[in-house]
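Notes to accompany the following structure.
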Amino acid sequence: MNLLVTGGAGFIGSNLIQHVIDRPEITRLVNLDALTYAGHLANLRAVERHPKYAFEKVDLRDKDGVVRVVRQHAITHVLHLAAESHVDRSISGPGDFITTNILGTFNLLEAVRDAWLNPQSPLRRGPDQCRFHHVSTDEVYGSLGATGLFTETTPYAPNSPYSASKASSDLLVRAYHHTYGLPVVTTNCSNNYGPFQFPEKLIPVVIQKVLARQSIPVYGDGLNVRDWLYVRDHAEALWQVCQRGRTGETYNVGGHNECANLHIVQLICDLIDELAPGAEGNSRSLITFVKDRPGHDRRYAIDASKIERELGWRPAYTFETGIRETVQWYLANQPWVAEVRPT
């Protein structure tokens, strides 16, 4: 297996690379990343000298660059994680989300289609010798009411430019399978958290706000619910689907951890009050409610029974164990936070 991980310098990608690089199935692991604001080689110091590892600074929007990487490294498998992913940024500036998430995915699909399916290609592969694994989000399904779960057959109803761009890329991947016979799998995951998450998302933002004794903004009434998935659990799920998932299928990946945003903020406040040296205590007093985000989906929740039934995967971490480990990691890695945060 010559594995291409796109977005490997980002949060999920860097955790994935560290999780799988020593697997005996992998001969070569190539990390393709444009190193935008959310991608940092500091996330990969543990593997940068690994004999299997190679890094390519390439933007998915650079079609020629993507083709070169696929051909030069004789790529046989792709784990496609690269994407613009922050909802707030997609609301204020949707253009990058359209070009990266849709056009970038198209360029990657075209590169592997030509390499694997073209009869004249020296990299031509049989359907059991290659795999394109597209990593997506539960946000493509829209918003749930107080009950129910997203399944793999839930109709798409994206409500932000980010989720609309991911839904579009999901459908492109599906079309390349049904039109060209490209061997694909897709996963739609719930909210990830854990080490190396860029400090713009909820959990690292709250940690940093508490440590700085700054006001913690909470959208609306704070009762928007998400299903939280520890990133190391997600990395194992991605590997299992890439290896053993049925071609053409979609698998939902969730943590079985539904939690309201306000509860998460309160829990982080309490953990830092407990764990941080010199914490001032009463961090909950920093919570401030602010105007809700436009199009803010009320609840997401994943039915992950298919991946458990077919592949035997289920999360190893509870939210309580995962969030404690995450807070401890950020407390121990403040130099990393300072290095990756914009000045």
For the range 245-254, state whether one or more residues are outside any helix (DSSP H, G or I), surrounded by fewer than 18 Cβ atoms within 10 Å (Cβ to Cβ), within 25 Å of the chain's Cα centre (by Cα) and modelled with pLDDT under 95.
no
Has the range 186-195 got any residue that is among the aromatic types (Phe, Trp, Tyr), part of a strand (DSSP E or B) and modelled with pLDDT under 95?
no
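Hey, could you check the range 315-324 for residues that are in contact with a helix residue (DSSP H, G or I) (Cβ under 9 Å, 6 or more places away or on another chain) and surrounded by fewer than 16 Cβ atoms within 10 Å (Cβ to Cβ) and say which is nearest to residue 205 (Cα to Cα)? Walk me through it before giving the result.
Within the range 315-324, the subset in contact with a helix residue (DSSP H, G or I) (Cβ under 9 Å, 6 or more places away or on another chain) is 315-317, 319-320, 322-324.
Filter once more, keeping what is surrounded by fewer than 16 Cβ atoms within 10 Å (Cβ to Cβ): 316, 320.
On the way: 316: 25, 320: 18 Å.
Here the answer is 320.
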Return the pairs, sorted by first residue and then second, in which the second residue is part of a helix (DSSP H, G or I) and hydroxyl-bearing (Ser, Thr, Tyr), the first residue lies in the range 68-96 and is at negative phi and in contact (Cβ under 8 Å) with a residue 40 or more places away in the chain, the beta carbons are less than 6 Å apart, and the residues are 6+ apart or on different chains.
84/100; 87/162; 90/162
The condition from (1) touching a residue at least 60 places away in the same chain (Cβ under 8 Å); (2) not in a loop (DSSP other than H, G, I, E, B) that residue 127 misses is numbered (2)
Looking at residue 143 and the list (1) of a type outside the set (Val, Ile, Thr); (2) out of contact with any Asp or Glu (no Cβ under 7 Å at 6 or more places or on another chain); (3) not in a helix (DSSP H, G or I), which single condition is not satisfied?
(2)
Of the criteria (1) among the aliphatic types (A, V, I, L, M); (2) in contact (Cβ under 8 Å) with a residue 40 or more places away in the chain; (3) under 18 Å from residue 109 (Cβ atoms), which one residue 149 fails:
(3)
Please enumerate the residues belonging to the range 51-99 that are of a type in the set (Ser, Thr, Tyr) and within 20 Å of residue 135 (Cβ to Cβ).
53, 76, 85, 90, 99
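The values are calculated or read from the model by the stated rules, or taken from the named source; none is laboratory data. Being a predicted model, the structure only gives us computed values, none of them experimental. Note that we place each Cβ from the backbone using ideal geometry, even for glycine, and neighbour counts take in every protein chain shown.
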